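The values are calculated or read from the model by the stated rules, or taken from the named source; none is laboratory data. Everything numeric in this text was worked out from a predicted model, so none of it was measured. Here the Cβ is made from the backbone with ideal geometry for all residues, glycine too, and neighbour counts use every protein chain on show.
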Amino acid sequence: MDIRKIQISGGSSYIVSLPKEWIVASNIKKNDPVGIFTQGDGTLLITPNISSKPASRVKEFEVSATTDATFLLRNLISAYIAGFTSIRIWARARLPPFAMLLARDFTNMAIGQEVVEETETAIVIKDLLNPAEMPFESTIRRMSVIVRGMQEDAVGALESHSRELAESVVSRDTEVDRLHWLVARQNNLLVMDPNLARRMGITVRHAQHYFMISRIIERIGDHATRIGRNIILLGGNPVEPALISEIAAANGTSLDLFRRSMQVFAEGDIPRANETINRLGGLETACNAISTSALAYDPGTAIPIVHIIDSIRRIGEYSSDICENVMNVVTGE
(Lines give C-alpha, C1' and ligand atoms only; values in the text may rest on other atoms or scores of the structure.)
Protein backbone atom coordinates (compact mmCIF):
# COMPACT_ATOMS: atom_id res chain seq x y z
CA MET A 1 0.00 0.00 0.00
CA ASP A 2 1.24 3.47 -0.96
CA ILE A 3 0.37 5.85 1.93
CA ARG A 4 0.18 9.59 1.21
CA LYS A 5 -0.65 12.55 3.43
CA ILE A 6 -3.53 14.93 2.79
CA GLN A 7 -2.49 18.52 2.04
CA ILE A 8 -4.59 21.69 2.38
CA SER A 9 -4.54 24.27 -0.42
CA GLY A 10 -6.09 27.72 -0.11
CA GLY A 11 -7.51 26.95 3.31
CA SER A 12 -10.48 24.96 1.98
CA SER A 13 -9.27 22.41 -0.60
CA TYR A 14 -7.84 19.04 0.36
CA ILE A 15 -5.22 17.62 -1.99
CA VAL A 16 -3.42 14.28 -2.31
CA SER A 17 -0.76 13.55 -4.93
CA LEU A 18 -1.25 10.62 -7.31
CA PRO A 19 1.42 7.97 -7.98
CA LYS A 20 3.60 8.87 -10.94
CA GLU A 21 3.64 5.25 -12.16
CA TRP A 22 -0.16 5.28 -12.46
CA ILE A 23 -0.14 8.67 -14.20
CA VAL A 24 2.36 7.44 -16.81
CA ALA A 25 0.62 4.10 -17.31
CA SER A 26 -2.74 5.87 -17.79
CA ASN A 27 -1.19 8.42 -20.19
CA ILE A 28 -2.54 11.35 -18.16
CA LYS A 29 -1.21 14.83 -18.95
CA LYS A 30 -1.41 18.15 -17.12
CA ASN A 31 -4.99 19.52 -16.87
CA ASP A 32 -6.49 16.19 -18.03
CA PRO A 33 -9.73 15.38 -16.16
CA VAL A 34 -10.22 12.20 -14.12
CA GLY A 35 -13.38 10.66 -12.69
CA ILE A 36 -13.80 10.11 -8.94
CA PHE A 37 -16.38 7.65 -7.58
CA THR A 38 -17.30 7.16 -3.94
CA GLN A 39 -17.65 3.43 -3.25
CA GLY A 40 -20.12 1.87 -0.84
CA ASP A 41 -17.34 1.06 1.64
CA GLY A 42 -16.19 4.71 1.77
CA THR A 43 -13.19 4.30 -0.53
CA LEU A 44 -12.62 6.46 -3.62
CA LEU A 45 -12.13 5.12 -7.11
CA ILE A 46 -10.15 7.32 -9.51
CA THR A 47 -10.36 6.55 -13.23
CA PRO A 48 -9.02 8.26 -16.36
CA ASN A 49 -12.08 7.04 -18.28
CA ILE A 50 -14.70 9.75 -17.78
CA SER A 51 -16.74 9.08 -20.93
CA SER A 52 -19.87 6.96 -20.88
CA LYS A 53 -18.49 4.76 -23.63
CA PRO A 54 -16.89 1.48 -22.54
CA ALA A 55 -13.23 0.99 -23.32
CA SER A 56 -12.64 -0.97 -26.50
CA ARG A 57 -11.08 -4.38 -25.87
CA VAL A 58 -10.18 -6.78 -28.69
CA LYS A 59 -9.42 -10.49 -28.35
CA GLU A 60 -7.80 -12.39 -31.23
CA PHE A 61 -7.73 -16.12 -31.95
CA GLU A 62 -5.52 -17.62 -34.62
CA VAL A 63 -6.96 -20.74 -36.29
CA SER A 64 -5.81 -23.32 -38.79
CA ALA A 65 -7.20 -26.47 -40.37
CA THR A 66 -6.03 -28.46 -37.32
CA THR A 67 -7.64 -26.20 -34.69
CA ASP A 68 -10.07 -28.02 -32.42
CA ALA A 69 -13.54 -26.57 -33.08
CA THR A 70 -14.87 -27.26 -29.58
CA PHE A 71 -11.85 -25.60 -28.01
CA LEU A 72 -12.30 -22.54 -30.24
CA LEU A 73 -15.99 -22.27 -29.29
CA ARG A 74 -15.10 -22.40 -25.59
CA ASN A 75 -12.55 -19.64 -26.16
CA LEU A 76 -15.16 -17.48 -27.92
CA ILE A 77 -17.60 -17.92 -25.03
CA SER A 78 -14.85 -17.09 -22.53
CA ALA A 79 -13.94 -13.91 -24.43
CA TYR A 80 -17.62 -12.91 -24.53
CA ILE A 81 -18.09 -13.44 -20.79
CA ALA A 82 -14.80 -11.65 -20.04
CA GLY A 83 -16.28 -8.53 -21.63
CA PHE A 84 -14.27 -8.08 -24.84
CA THR A 85 -15.99 -5.65 -27.20
CA SER A 86 -14.58 -7.28 -30.35
CA ILE A 87 -13.38 -10.78 -31.18
CA ARG A 88 -11.20 -11.42 -34.23
CA ILE A 89 -10.71 -14.91 -35.66
CA TRP A 90 -7.90 -15.01 -38.19
CA ALA A 91 -5.69 -17.41 -40.14
CA ARG A 92 -2.33 -17.02 -41.83
CA ALA A 93 -3.86 -18.36 -45.03
CA ARG A 94 -7.54 -18.82 -45.89
CA LEU A 95 -9.92 -19.30 -42.96
CA PRO A 96 -10.98 -22.95 -42.67
CA PRO A 97 -14.72 -23.45 -43.40
CA PHE A 98 -15.45 -24.71 -39.87
CA ALA A 99 -14.25 -21.41 -38.40
CA MET A 100 -16.71 -19.39 -40.46
CA LEU A 101 -19.58 -21.69 -39.51
CA LEU A 102 -18.53 -21.63 -35.87
CA ALA A 103 -18.45 -17.83 -35.82
CA ARG A 104 -22.06 -17.72 -36.99
CA ASP A 105 -23.12 -20.39 -34.52
CA PHE A 106 -21.50 -18.34 -31.77
CA THR A 107 -23.35 -15.15 -32.74
CA ASN A 108 -26.62 -17.11 -32.55
CA MET A 109 -25.70 -18.40 -29.08
CA ALA A 110 -24.39 -15.18 -27.49
CA ILE A 111 -26.69 -12.20 -27.04
CA GLY A 112 -25.59 -9.00 -28.80
CA GLN A 113 -22.79 -10.50 -30.91
CA GLU A 114 -22.73 -9.86 -34.67
CA VAL A 115 -20.26 -10.44 -37.51
CA VAL A 116 -19.28 -6.94 -38.68
CA GLU A 117 -16.36 -7.77 -40.95
CA GLU A 118 -15.42 -10.82 -42.98
CA THR A 119 -12.54 -11.52 -45.37
CA GLU A 120 -10.87 -14.66 -46.64
CA THR A 121 -8.43 -14.57 -43.73
CA ALA A 122 -10.39 -13.05 -40.84
CA ILE A 123 -13.79 -12.59 -39.20
CA VAL A 124 -14.53 -9.81 -36.72
CA ILE A 125 -17.36 -10.24 -34.22
CA LYS A 126 -18.50 -7.11 -32.40
CA ASP A 127 -20.71 -6.59 -29.37
CA LEU A 128 -23.66 -4.38 -30.36
CA LEU A 129 -25.61 -4.59 -27.10
CA ASN A 130 -25.80 -1.72 -24.63
CA PRO A 131 -25.53 -3.46 -21.23
CA ALA A 132 -27.56 -0.71 -19.56
CA GLU A 133 -30.56 -1.75 -21.69
CA MET A 134 -30.59 -5.26 -20.19
CA PRO A 135 -31.22 -4.94 -16.41
CA PHE A 136 -30.12 -7.91 -14.32
CA GLU A 137 -33.58 -8.35 -12.80
CA SER A 138 -35.25 -8.69 -16.20
CA THR A 139 -32.74 -11.27 -17.42
CA ILE A 140 -33.01 -13.35 -14.25
CA ARG A 141 -36.80 -13.15 -14.30
CA ARG A 142 -36.81 -14.44 -17.87
CA MET A 143 -34.43 -17.24 -16.93
CA SER A 144 -36.70 -18.33 -14.07
CA VAL A 145 -39.78 -18.40 -16.32
CA ILE A 146 -38.01 -20.56 -18.91
CA VAL A 147 -36.59 -22.94 -16.29
CA ARG A 148 -39.92 -23.31 -14.50
CA GLY A 149 -41.59 -24.16 -17.81
CA MET A 150 -38.87 -26.71 -18.57
CA GLN A 151 -39.37 -28.46 -15.23
CA GLU A 152 -43.16 -28.53 -15.59
CA ASP A 153 -42.95 -29.90 -19.14
CA ALA A 154 -40.32 -32.48 -18.22
CA VAL A 155 -42.56 -34.24 -15.71
CA GLY A 156 -45.53 -33.60 -18.01
CA ALA A 157 -43.65 -35.61 -20.64
CA LEU A 158 -43.31 -38.45 -18.13
CA GLU A 159 -47.04 -38.42 -17.37
CA SER A 160 -48.06 -38.23 -21.04
CA HIS A 161 -45.26 -40.49 -22.37
CA SER A 162 -44.36 -37.72 -24.84
CA ARG A 163 -40.86 -37.98 -26.27
CA GLU A 164 -41.41 -34.78 -28.27
CA LEU A 165 -42.15 -32.77 -25.12
CA ALA A 166 -39.06 -34.18 -23.40
CA GLU A 167 -36.91 -33.24 -26.41
CA SER A 168 -38.40 -29.73 -26.29
CA VAL A 169 -37.23 -29.42 -22.68
CA VAL A 170 -33.68 -30.40 -23.63
CA SER A 171 -33.59 -27.89 -26.51
CA ARG A 172 -34.58 -24.97 -24.25
CA ASP A 173 -31.44 -25.34 -22.12
CA THR A 174 -29.47 -23.33 -24.70
CA GLU A 175 -31.67 -20.26 -24.10
CA VAL A 176 -31.02 -20.47 -20.36
CA ASP A 177 -27.26 -20.76 -20.96
CA ARG A 178 -27.11 -17.69 -23.21
CA LEU A 179 -28.99 -15.59 -20.66
CA HIS A 180 -26.60 -16.72 -17.92
CA TRP A 181 -23.62 -15.81 -20.11
CA LEU A 182 -25.12 -12.34 -20.50
CA VAL A 183 -25.39 -11.89 -16.72
CA ALA A 184 -21.80 -13.13 -16.28
CA ARG A 185 -20.59 -10.73 -18.98
CA GLN A 186 -22.38 -7.75 -17.43
CA ASN A 187 -20.98 -8.62 -14.02
CA ASN A 188 -17.44 -8.57 -15.42
CA LEU A 189 -18.08 -5.31 -17.29
CA LEU A 190 -19.32 -3.66 -14.10
CA VAL A 191 -16.19 -4.69 -12.22
CA MET A 192 -14.03 -3.08 -14.92
CA ASP A 193 -16.15 0.00 -15.62
CA PRO A 194 -17.53 2.09 -12.72
CA ASN A 195 -19.31 4.33 -15.26
CA LEU A 196 -21.45 1.38 -16.32
CA ALA A 197 -22.33 0.65 -12.70
CA ARG A 198 -23.45 4.26 -12.30
CA ARG A 199 -25.55 4.17 -15.49
CA MET A 200 -27.24 0.94 -14.44
CA GLY A 201 -27.79 2.21 -10.91
CA ILE A 202 -26.21 -0.84 -9.32
CA THR A 203 -23.19 -1.60 -7.14
CA VAL A 204 -20.58 -4.21 -7.93
CA ARG A 205 -21.67 -6.10 -4.81
CA HIS A 206 -25.23 -6.39 -6.08
CA ALA A 207 -24.03 -7.38 -9.55
CA GLN A 208 -22.12 -10.28 -8.01
CA HIS A 209 -25.26 -11.27 -6.10
CA TYR A 210 -27.24 -11.34 -9.36
CA PHE A 211 -24.50 -13.42 -10.96
CA MET A 212 -24.73 -15.96 -8.12
CA ILE A 213 -28.52 -16.21 -8.48
CA SER A 214 -28.20 -16.55 -12.25
CA ARG A 215 -25.65 -19.34 -11.81
CA ILE A 216 -28.02 -21.23 -9.51
CA ILE A 217 -30.93 -20.86 -11.94
CA GLU A 218 -28.70 -22.09 -14.76
CA ARG A 219 -27.96 -25.19 -12.64
CA ILE A 220 -31.67 -25.70 -12.09
CA GLY A 221 -32.10 -25.55 -15.88
CA ASP A 222 -29.40 -28.21 -16.23
CA HIS A 223 -31.36 -30.51 -13.91
CA ALA A 224 -34.62 -29.87 -15.78
CA THR A 225 -32.70 -30.88 -18.92
CA ARG A 226 -31.39 -33.96 -17.12
CA ILE A 227 -34.98 -34.94 -16.27
CA GLY A 228 -35.95 -34.59 -19.94
CA ARG A 229 -33.01 -36.70 -21.10
CA ASN A 230 -33.78 -39.47 -18.62
CA ILE A 231 -37.43 -39.52 -19.70
CA ILE A 232 -36.16 -40.07 -23.25
CA LEU A 233 -33.95 -42.89 -21.96
CA LEU A 234 -36.93 -44.37 -20.12
CA GLY A 235 -38.70 -44.70 -23.44
CA GLY A 236 -41.73 -46.95 -23.32
CA ASN A 237 -40.62 -48.88 -20.24
CA PRO A 238 -43.70 -49.46 -18.07
CA VAL A 239 -43.90 -47.52 -14.80
CA GLU A 240 -46.74 -47.92 -12.30
CA PRO A 241 -49.18 -44.97 -12.45
CA ALA A 242 -48.92 -44.66 -8.66
CA LEU A 243 -45.15 -44.11 -8.86
CA ILE A 244 -45.58 -41.55 -11.64
CA SER A 245 -48.09 -39.72 -9.44
CA GLU A 246 -45.57 -39.68 -6.59
CA ILE A 247 -42.90 -38.27 -8.91
CA ALA A 248 -45.33 -35.59 -10.14
CA ALA A 249 -46.21 -34.68 -6.53
CA ALA A 250 -42.53 -34.38 -5.59
CA ASN A 251 -41.96 -32.25 -8.66
CA GLY A 252 -44.86 -30.02 -7.63
CA THR A 253 -43.22 -29.50 -4.24
CA SER A 254 -39.88 -28.74 -5.91
CA LEU A 255 -41.55 -26.25 -8.27
CA ASP A 256 -43.25 -24.57 -5.32
CA LEU A 257 -39.88 -24.18 -3.58
CA PHE A 258 -38.41 -22.62 -6.71
CA ARG A 259 -41.39 -20.28 -7.09
CA ARG A 260 -41.09 -19.22 -3.44
CA SER A 261 -37.34 -18.68 -3.77
CA MET A 262 -37.84 -16.33 -6.72
CA GLN A 263 -40.43 -14.38 -4.70
CA VAL A 264 -37.85 -14.13 -1.92
CA PHE A 265 -35.31 -12.89 -4.46
CA ALA A 266 -37.70 -10.24 -5.79
CA GLU A 267 -38.88 -9.01 -2.38
CA GLY A 268 -35.87 -9.64 -0.12
CA ASP A 269 -38.21 -11.27 2.41
CA ILE A 270 -36.01 -12.94 5.08
CA PRO A 271 -38.84 -14.67 7.06
CA ARG A 272 -40.21 -16.15 3.85
CA ALA A 273 -36.70 -17.26 2.87
CA ASN A 274 -36.35 -19.07 6.18
CA GLU A 275 -39.76 -20.69 5.78
CA THR A 276 -38.89 -21.87 2.26
CA ILE A 277 -35.61 -23.41 3.44
CA ASN A 278 -37.49 -25.29 6.18
CA ARG A 279 -39.79 -26.86 3.57
CA LEU A 280 -36.87 -28.67 1.92
CA GLY A 281 -36.92 -31.54 4.41
CA GLY A 282 -40.33 -32.76 3.24
CA LEU A 283 -39.15 -32.89 -0.37
CA GLU A 284 -36.03 -34.87 0.56
CA THR A 285 -38.12 -37.43 2.46
CA ALA A 286 -40.47 -37.91 -0.50
CA CYS A 287 -37.58 -38.23 -2.97
CA ASN A 288 -35.83 -40.85 -0.84
CA ALA A 289 -39.03 -42.92 -0.72
CA ILE A 290 -39.44 -42.76 -4.51
CA SER A 291 -35.81 -43.77 -5.08
CA THR A 292 -36.36 -46.81 -2.84
CA SER A 293 -39.52 -47.78 -4.76
CA ALA A 294 -37.66 -47.48 -8.08
CA LEU A 295 -35.26 -50.24 -7.04
CA ALA A 296 -38.06 -52.77 -7.59
CA TYR A 297 -37.81 -52.21 -11.35
CA ASP A 298 -35.23 -53.56 -13.79
CA PRO A 299 -32.08 -51.42 -14.22
CA GLY A 300 -33.27 -49.98 -17.56
CA THR A 301 -36.23 -48.44 -15.75
CA ALA A 302 -34.85 -47.92 -12.26
CA ILE A 303 -31.76 -45.91 -13.24
CA PRO A 304 -33.63 -43.19 -15.22
CA ILE A 305 -36.24 -42.90 -12.44
CA VAL A 306 -33.54 -42.49 -9.77
CA HIS A 307 -31.84 -39.82 -11.88
CA ILE A 308 -35.16 -38.02 -12.42
CA ILE A 309 -36.02 -37.92 -8.74
CA ASP A 310 -32.45 -36.93 -7.83
CA SER A 311 -32.73 -33.91 -10.14
CA ILE A 312 -36.09 -32.97 -8.61
CA ARG A 313 -34.45 -33.06 -5.18
CA ARG A 314 -31.45 -31.04 -6.39
CA ILE A 315 -33.76 -28.36 -7.80
CA GLY A 316 -35.30 -28.03 -4.33
CA GLU A 317 -31.83 -27.73 -2.81
CA TYR A 318 -30.83 -25.04 -5.32
CA SER A 319 -34.02 -23.15 -4.46
CA SER A 320 -32.89 -23.24 -0.85
CA ASP A 321 -29.51 -21.87 -1.96
CA ILE A 322 -31.26 -18.90 -3.61
CA CYS A 323 -32.99 -18.14 -0.30
CA GLU A 324 -29.72 -18.37 1.61
CA ASN A 325 -28.01 -15.98 -0.82
CA VAL A 326 -30.82 -13.47 -0.47
CA MET A 327 -30.66 -13.71 3.32
CA ASN A 328 -26.91 -13.06 3.24
CA VAL A 329 -27.28 -9.97 1.03
CA VAL A 330 -30.30 -8.47 2.80
CA THR A 331 -28.76 -9.06 6.24
CA GLY A 332 -25.53 -7.42 5.07
CA GLU A 333 -27.45 -4.33 4.07
*Does the stretch 164-193 hold any residues that are out of contact with any helix residue (DSSP H, G or I) (no Cβ under 8 Å at 6 or more places or on another chain) and touching a residue at least 40 places away in the same chain (Cβ under 8 Å), and which are they?*
192, 193
*Could you tell me which residue of the stretch 62-103 is surrounded by the most Cβ atoms within 10 Å (Cβ to Cβ), considering only residues that are aromatic (Phe, Trp, Tyr) and within 21 Å of residue 182 (Cβ to Cβ)?*
80
_Unmet criterion (only one of (1) more than 26 Å from residue 203 (Cα to Cα); (2) part of a strand (DSSP E or B); (3) under 38 Å from the mean Cα position of the chain (by Cα)) for residue 14_ = (3)
*Only one of (1) outside the structural domain of residue 318 (by TED's automatic domain parsing); (2) more than 17 Å from the chain's Cα centre (by Cα) is not met by residue 151, so which one is it?*
(1)
*Can you name the helices (runs of 4 or more DSSP H) wholly within the stretch 54-163 that have at least 3 residues being touching a residue at least 40 places away in the same chain (Cβ under 8 Å) and of a type outside the set (D, E, K, R)?*
69-82, 136-160
*Can we say residue 217 is touching a helix residue (DSSP H, G or I) at 6+ places or on another chain (Cβ under 8 Å), farther than 18 Å from residue 286 by Cα and either part of a helix (DSSP H, G or I) or modelled with pLDDT of 95 or more (or both)?*
yes
*Please enumerate the residues belonging to the stretch 183-221 that are among the β-branched types (Val, Ile, Thr) and over 9 Å from the mean Cα position of the chain (by Cα).*
191, 202, 203, 204, 220
*What is the one condition in (1) surrounded by 11 or more Cβ atoms within 10 Å (Cβ to Cβ); (2) farther than 22 Å from residue 197 by Cβ; (3) not hydrophobic (A, V, I, L, M, F, W, C) that residue 31 does not satisfy?*
(1)
*When you look at residue 56, is it loosely packed, with under 12 Cβ neighbours inside 10 Å, of a type in the set (Gly, Ala, Ser), within 21 Å of residue 193 (Cα to Cα) and out of contact with any His (no Cβ under 9 Å at 6 or more places or on another chain), yes or no?*
yes
_With the structure loaded, tell me whether residue 217 is under 11 Å from residue 155 (Cβ atoms), surrounded by 18 or more Cβ atoms within 10 Å (Cβ to Cβ) and of a type in the set (Val, Ile, Thr) or whether it fails that test._
no
*Which condition does residue 37 not pass, out of (1) at pLDDT below 90; (2) in a helix (DSSP H, G or I), if it passes all the others?*
(2)
*If the Cβ limit is 7 Å and pairs must be 6+ apart or interchain, which residue in the stretch 237-255 that is in the same structural domain as residue 147 (by TED's automatic domain parsing) and surrounded by fewer than 17 Cβ atoms within 10 Å (Cβ to Cβ) pairs with which residue that is in a helix (DSSP H, G or I) and of a type in the set (Asp, Glu)?*
244/159; 248/159
*Given (1) surrounded by 16 or more Cβ atoms within 10 Å (Cβ to Cβ); (2) within 22 Å of residue 224 (Cβ to Cβ), where does residue 266 come up short, assuming only one miss?*
(1)
*Quick one: what pairs do we get from the stretch 200-227, first residue free of Cβ contacts under 8 Å to residues at least 24 places away in the same chain, second among the polar types (S, T, N, Q), C-beta under 7 Å, 6+ apart or different chains?*
208/187
